[in-house]
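Here is the structure we will look at.
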Amino acid sequence: MTTLFEPLTLGDLELPNRVIMAPLTRMRSKQPGNVPHGLNAEYYAQRASAGLIISEATQISQQGQGYPATPGIHSPEQVEGWSLVTDVVHEAGGRMFCQLWHVGRISHRSHQPGGELPVAPSAIKPSGGTFSADWKPVGFETPRALETEEVAAIVMQYRQAAENAERAGFDGVEVHGANGYLLDQFLQDGSNKRTDQYGGSIENRARMLLEAVDQAISVWGNGRVGVRLSPYGTFNDMSDSDPVGLFTYVLTELSSRGIAYAHIIEPRASLAGGQDGTNVQAPHATEIFRKAFAGSIISAGGYDRAEAMRVVEAGIADAVAFGRLFIANPDLPERLARGVPLNPYDRATFYGGGEKGYTDYPIASV
Ligand SMILES: Cc1cc2nc3c(=O)[nH]c(=O)nc-3n(C[C@H](O)[C@H](O)[C@H](O)COP(=O)(O)O)c2cc1C
């Protein structure tokens, strides 16, 4: 029987354990320019005992930004900033992937080049809102539907970002296809009403994600590319008429590419971790889609120690990613292995600010 605390070969990487740090947006990059800096490096280095760190979502272009102070990987300063982070993570013995992100319609004009409207597969306004560049709550607007040629250009920005991630010293990239951002907006038919080759059938709706993944593979090789998906997720106003058909197709295609892993978010984690409490009635996505994907599966969303140990021991997942618990417990793998009580997280300090709630969570005393 395999346990959560055993090594795992994940694509080209050898992980010392199966406790993964989930991608976590913290909105603490240096301004102006959305540049990773020393404080971010310290935060990630503190968590280097994770089997793998997946970076916070990182925009591939200015158009791909949707919240204040999220880091990018499209300017030379950002690449340099990330090098600082990956250096200290490696010195501390860790491994780190960069999560490549384009928010699509989950944005606001204040983040967009030239103050233009955010873009999306179709001109459908999501409910809810975000924060403007000056941190004011703002409602979403109806986005502009992308032209077909623009979709191809964004795919090439994924390639450029993958190259930049290599330059910045990451160990690989995770294509963010989850949580209602651009690639997920293309996947699901609640947000994609296109009539070109990127809309309509499941094959067409999956095309952009698969093209972005293929570009990442061409830069990194398939053993250093992962993909994150959130079947049944409703965060950011998402819906699909046939989640089983859609995600079975996507995972089968990803499986044939032999990527390092598929990272599946369990829908029981309300609003992708944006709210406490779990929806116990939600389907178990990892169990449902496991058979569609032959490679390693990282499962995330609402895990505690017992449930994480159970799914790995039962062979349902190969590894488990922890979000909120990793925010509050820099030494999470050791705490879980030893059964040490966990620090509670402070939701008020999740987004923005400085050291408080970021680098000041204590490690367990020996
Ligand atoms: C503060 C916060 C920031 C998050 N940022 C990201 C992100 O940048 N990319 C992503 O894919 N998911 C993000 N998520 C979702 C988490 O990766 C994770 O899937 C979710 O929190 C559920 O896992 P948990 O129950 O272990 O916290 C975020 C969640 C939280 C709470």
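The values are calculated or read from the model by the stated rules, or taken from the named source; none is laboratory data. This is a predicted model, so every value here is computed, not measured. For neighbour counting, all protein chains shown are included, and Cβ atoms are generated from backbone atoms with ideal geometry for every residue, glycine included. Note: areas computed on protein heavy atoms with side chains; ligands, DNA, RNA excluded. Shrake-Rupley method; radii C 1.70, N 1.55, O 1.52, S 1.80 Å.
Numerical summary
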| read-out | value |
| --- | --- |
| Residue pairs meeting the criteria (Cβ under 8 Å; at least 6 apart or on separate chains; first part of a strand (DSSP E or B), in the range 218-242; second away from the ligand (no atom under 13 Å from the Cβ) and modelled with pLDDT under 95) | none |
| Residue within the range 168-183 that is open to solvent by 50 Å² or more (accessible area, probe 1.4 Å) and either more than 28 Å from Asp276 (Cα to Cα) or in contact with a strand residue (DSSP E or B) (Cβ under 9 Å, 6 or more places away or on another chain) (or both) present | no |
| Members of the range 285-327 that are assigned to a helix (DSSP H, G or I) and within 10 Å of the ligand (Cβ to nearest atom) | Ala308, Arg324, Leu325, Phe326, Ile327 |
| Test result for Ala69, of a type in the set (A, V, I, L, M) and touching a Gly at 6+ places or on another chain (Cβ under 8 Å) | yes |
| Test: residue in the range 254-267 that is over 30 Å from Val219 (Cα atoms), of a type in the set (D, E, K, R) and within 14 Å of the ligand (Cβ to nearest atom) | no |
| Checking Leu271 against (1) assigned to a helix (DSSP H, G or I); (2) surrounded by 17 or more Cβ atoms within 10 Å (Cβ to Cβ); (3) within 11 Å of the ligand (Cβ to nearest atom), the condition it does not meet | (2) |
| Close pairs (8 angstrom Cβ cut-off, 6 or more residues apart or separate chains): among the acidic types (Asp, Glu) and open to solvent by 40 Å² or more (accessible area, probe 1.4 Å) in the range 290-319, within 16 Å of the ligand (Cβ to nearest atom) and modelled with pLDDT of 95 or more anywhere | Asp304/Leu325; Glu313/Leu4 |
| Boolean, Arg224 is within 16 Å of Ala292 (Cβ to Cβ), surrounded by 21 or more Cβ atoms within 10 Å (Cβ to Cβ) and out of contact with any Ser or Thr (no Cβ under 8 Å at 6 or more places or on another chain) | no |
| Matching residues in the range 274-283 - criterion: being within 15 Å of the ligand (Cβ to nearest atom) and open to solvent by 40 Å² or more (accessible area, probe 1.4 Å) | Gly274, Gln275, Asp276, Gly277, Thr278, Asn279, Val280 |
| Thr234 being under 16 Å from the mean Cα position of the chain (by Cα), polar (S, T, N, Q) and within 16 Å of the ligand (Cβ to nearest atom) | yes |
| Every residue from the range 352-364 that is crowded, with 18+ Cβ neighbours inside 10 Å and within 12 Å of the ligand (Cβ to nearest atom) | Gly357, Tyr358 |
| Strands (runs of 3 or more DSSP E) wholly inside the range 39-144 that include at least 2 residues being touching a residue at least 12 places away in the same chain (Cβ under 8 Å) and closer than 30 Å to Leu332 by Cβ | 52-59, 96-101, 129-131 |
| Residue pairs meeting the criteria (Cβ under 7 Å; at least 6 apart or on separate chains; first open to solvent by 10 Å² or more (accessible area, probe 1.4 Å), in the range 1-27; second within 16 Å of the ligand (Cβ to nearest atom) and of a type in the set (Lys, Arg)) | Glu6/Arg18; Leu8/Arg18 |
| Hits in the range 244-268 (condition: buried (at least 17 other Cβ atoms within 10 Å of the Cβ), out of contact with any Ser or Thr (no Cβ under 8 Å at 6 or more places or on another chain) and either free of Cβ contacts under 8 Å to residues at least 40 places away in the same chain or assigned to a loop (DSSP other than H, G, I, E, B) (or both)) | Ile259 |
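Let's see how each residue does on (1) open to solvent by 10 Å² or more (accessible area, probe 1.4 Å); (2) closer than 28 Å to Glu141 by Cβ:
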{"residue": "Tyr43", "(1), (2)": "no, no"}
{"residue": "Thr58", "(1), (2)": "no, yes"}
{"residue": "Gly64", "(1), (2)": "no, yes"}
{"residue": "Tyr67", "(1), (2)": "yes, yes"}
{"residue": "Pro71", "(1), (2)": "no, yes"}
{"residue": "Asp87", "(1), (2)": "yes, no"}
{"residue": "His90", "(1), (2)": "yes, no"}
{"residue": "Trp101", "(1), (2)": "no, yes"}
